[in-house]
Amino acid sequence: MEFSEWIVTELEKRGWSRSEAARRGQISPSVLDKVINGYSKPGVKFIDGIAKAFKISSSEVMMHINKKQMGDQWVEEMSYKLNLLNPGLRGVAERFINSLLEDEEETNRSRSKTKPKSSTP
């Protein structure tokens, strides 16, 4: 499912309009429309706003965004923010990210082990 489809599905589950989600997430309704319609890539502020609106973590929102949709803008924003941290905190952030990646790899390995093997006729 594409990120925009996920947002629309979440809005429908809650019975919210786009403007209601934007209000709850303190993001611009026009930015929300642009992301949903594919005219804009979701940035960090947008991700945080959607997370706030849906009362979920930003990392959960990011799981619904594929790398193509994130694009260079997100990478640049995150790199900039990491560089703002003092070296000690930057190390903590890097260890945290590495831990998340290890957890993700383990989850993917577990999923691949539980998938039923297809049989060929």
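The values are calculated or read from the model by the stated rules, or taken from the named source; none is laboratory data. Computed from a predicted model, the values in this text were never measured in an experiment. We place every Cβ from the backbone using ideal geometry, glycine too, and count neighbours over all the protein chains shown.
Here are the numbers for this structure:
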read-out: Boolean, E2 is within 24 Å of K81 (Cβ to Cβ), modelled with pLDDT under 90, acidic (D, E) and surrounded by fewer than 15 Cβ atoms within 10 Å (Cβ to Cβ); value: no
read-out: Number of the exception - I47 against (1) surrounded by fewer than 16 Cβ atoms within 10 Å (Cβ to Cβ); (2) aliphatic (A, V, I, L, M); (3) within 22 Å of I97 (Cβ to Cβ); value: (1)
read-out: Qualifying position, being modelled with pLDDT of 85 or more and within 20 Å of L100 (Cβ to Cβ), among V61, V35; value: V61
